[in-house]
Amino acid sequence: MSDVQKAMALLITSFSKYSSKEGDKNTLSKEELKELLQNEFGDMLCKTNDKAAVDSIFKDLDTNKNNSVDFGEFVNLVCCLTQMCHEYFKK
Ligand SMILES: [Ca+2]
């Protein structure tokens, strides 16, 4: 497997690790998203302990407004953050 393929596989397994905790196994509830952000992104998203920040990230990610974050919606977040990192490393 190439590094990019490994990264994709990791994204999928990380997502399921949290999405399978409660309710629908294929989507993240707000609680699951909060845990994922705290454990996996930690210092990148500094204010994930802040309830208002989690609410607003959740709202932004849930583009189809069904009150849960599916894998496609989660990938949007990863894309944004990866782009931010890329900008940072270019400097
Ligand atoms: Ca959704």
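Coordinate-derived values only; no laboratory data. Source: prediction; values computed, not measured. Cβ atoms come from the backbone with ideal geometry, glycine included; neighbour counts cover every protein chain shown.
Any idea which of (1) loosely packed, with under 14 Cβ neighbours inside 10 Å; (2) away from the ligand (no atom under 13 Å from the Cβ); (3) in contact (Cβ under 8 Å) with a residue 40 or more places away in the chain is the one residue 6 doesn't satisfy? Answer for residue 6: the failing condition is (3).
Among residues of the range 64-91 that are at negative phi, those with a Cβ under 7 angstrom from a residue that is more than 9 Å from the ligand (Cβ to nearest atom) and part of a helix (DSSP H, G or I), sequence gap 6+ or separate chain, pair up as 69/33; 69/58; 71/15; 74/15; 78/11; 81/44. Of the residues 19, 56, the single one that is among the polar types (S, T, N, Q) and crowded, with 16+ Cβ neighbours inside 10 Å is 19. Touching a strand residue (DSSP E or B) at 6+ places or on another chain (Cβ under 9 Å) and either loosely packed, with under 12 Cβ neighbours inside 10 Å or closer than 26 Å to residue 4 by Cα (or both): is that true of residue 39 in this structure? When the stated conditions are applied, residue 39 does not pass them.
Step by step: first the residues of the range 22-33, then only those that are surrounded by 13 or more Cβ atoms within 10 Å (Cβ to Cβ) and under 20 Å from residue 79 (Cβ atoms), then the one that is nearest to the chain's Cα centre (by Cα). Which residue is that? Among those residues, the one meeting the criterion is 33.
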